[in-house]
1. Sort the following peptides by mean Cβ neighbour count (other Cβ atoms within 10 Å, averaged over residues), highest first: 328-334, 33-39.
2. Once label points are set 7 Å from the Cα along Cα→Cβ at both Ile66 and Gln299, what is their separation, rounded to one decimal in nm?
3. Collect residues whose amide H, placed 1.01 Å from N in the peptide plane, falls under 5 Å from the amide H of Gln158; neighbours closer than 5 in sequence don't count.
4. Once both labels are modelled 7 Å past Cα along the beta-carbon direction, what's the Asn348-Gln166 spacing in nm?
5. Just want the answer: with Cβ charges of +1 for Lys and Arg and -1 for Asp and Glu, which residue in Gly278, Ala229, Tyr45 is farthest toward the dipole's positive end in the chain?
6. How far is it, in nm, from the label point at Gln335 to the one at Ser216 when both lie 7 Å from their Cα along the line to the Cβ?
7. Residue-wise, which Karplus ³J(HN,Hα) couplings in Hz belong to the stretch 322-327, taking 6.51 cos²θ - 1.76 cosθ + 1.60, θ = phi - 60°, and x for glycine or proline?
8. Under a cut-off of 19 Å between alpha-carbon atoms, report the lysines in cross-link reach of Lys124, not counting same-chain residues fewer than 8 places apart.
Amino acid sequence: MAIKSSHILICRNDNIGDVVLTLPITAWLKEHFPSVKISVMCRGYAAAVVRRCSTVDDVVECESVIDDPVRYFRQSDIDTVIFAQPDRRFAIAAFKAGIKHRIGNARQKVYQLLFCNRRVRFSKRTTDLHEAQINFEFLRPFGLGSIPDLETIAGLYQFKPETDAQISALLAPHRFNLIIHTKSNGHGREWPIGHFARLADILKTQPDIHLWATGSAVEGRWLEEHATALLESQNVSNVCGKLTLAQLGVMISLADGLIASGTGPLHLSAALGQRTLGLFPPTRPMHPGRWAPVGPRAQSLFMPTSCPNCRKKTAPSCECMENITPEAVSEIVLQWTEEAGREKHARNEACST
């Protein structure tokens, strides 16, 4: 029998990109059950992204309830929990608190067989679905058995607009602002830092283009030590560690494009509708078939075949990433600038009529 719920909690306590790719199921649920309340439990560092999503009614930072999650569940009116990412502590807590419907993937963790009573079964290892599509498997207990295509999923993102005077002032002097998120916090293969430096050098011939290196404070220090050629370019500014996640989201929205490998800001950029280029190896499970950015203006570059280093988990980069040339990336950026110019011209024409 299909679940009927009044308050659904989606538990996704991992990385920003994973959280972003889970948000479309909130819109799908709202479309089919308009009166349902949807909460999302996530790590505090990802909460700013979720709070921008208009199809989420409440955001719960897992750190705020970790000391006594059973008490949290008992005091809430939640009747359904979706464990979109397995979490043993919260699965046990939901069970002890008597949450009526507890949805989890029975093929992921043994404890979900014990503590989840509405089980779905699928293998991420063998599926050909994109990560954003995989999350729709958790909606089968609601009677929602169809999985939308990626174009449909891209249209499900609904983010509230946000502004920031400081970010606007940073970007204002430049006609085309390109964000380069050079590191991935160890979550995927990275495009060689020398390639980013070469890209900046190529784009020097376009004085209207300015590059903004984003990332954490730790990543910023790494760049200062290992990427002097990039940071010394006059068309590059280093803002690593200087922006909150909320400010980064605003910068992405106001900029003209973003380039990154498989990392959270890549998926956020695509979801916000920004021009987005993802750089990937072709090897499972890191390949774009699973992790490509999903958005109306998102695209990916990757080599057709894998190299020997692709399957080495400890390798930060590989020949597949090295063979994505700065020249190929610059061609896409120049296409973006032409597109942005046409859009600006069209806006000016509309304003003058």
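1. On the way: 328-334: 16.7, 33-39: 15.1.
Final packing ranking: 328-334, 33-39.
2. 4.1
3. It is Ser54, Thr55, by chain and number.
4. 3.2
5. Value computed over the given set: Tyr45.
6. 3.3
7. 4, 7, 7, 7, x, 5
8. List returned: Lys109, Lys313.
The values are calculated or read from the model by the stated rules, or taken from the named source; none is laboratory data. Predicted, not measured: the structure shown is a model, and the values here were computed from it. Heads up, the Cβs are rebuilt from the backbone with ideal geometry, glycines too, and the neighbour counts pull from every protein chain shown. Please note that ligands, DNA and RNA were not included when accessible areas were found on the heavy atoms of the full protein model with its side chains. Shrake-Rupley method; radii C 1.70, N 1.55, O 1.52, S 1.80 Å.
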